[in-house]
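Worksheet for the structure shown next.
The values are calculated or read from the model by the stated rules, or taken from the named source; none is laboratory data. Everything numeric here is computed off the predicted structure, so don't read it as measured data. Using ideal geometry, Cβ is built from the backbone for each residue, glycine included, and neighbour counts are taken over all protein chains shown.
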Amino acid sequence: MVSRIKVVNDVGELVSIFHAADTDVKRKLLIDLSTGWITLPKIEERYGIEGRRALHYLDKIKMTESQWVTGEGG
């Protein structure tokens, strides 16, 4: 995966950056996502409902990329 940076244009955006890693789950999830693609079921298996919430937050502040994957059933 390509390393990316987040450009902060406003001081207010720093708050969301700080909150991106303010819990162990968010921090570990962010590290996992920065090293490769992980499916939502795998995130829920590793981190539970808190992992889903963390992913939603990271997506909301545009710290993640998403990719659609077709399942075995098509």
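Here is the figure for the range 11-67: residues that are of a type in the set (Ser, Thr, Tyr) and either loosely packed, with under 15 Cβ neighbours inside 10 Å or without any contact (Cβ under 8 Å) to a residue 24 or more places away in the chain (or both) total 6.
When residues in the range 24-74 are screened for being out of contact with any helix residue (DSSP H, G or I) (no Cβ under 9 Å at 6 or more places or on another chain) and aromatic (Phe, Trp, Tyr), 2 of them pass.
Counting residues in the range 11-19 that are of a type in the set (Gly, Ala, Ser), out of contact with any helix residue (DSSP H, G or I) (no Cβ under 9 Å at 6 or more places or on another chain), part of a helix (DSSP H, G or I) and modelled with pLDDT of 85 or more gives zero.
Scanning the range 20-50 for residues that are within 9 Å of the chain's Cα centre (by Cα), in a helix (DSSP H, G or I) and of a type outside the set (D, E, K, R) turns up 29, 30, 31, 33, 34.
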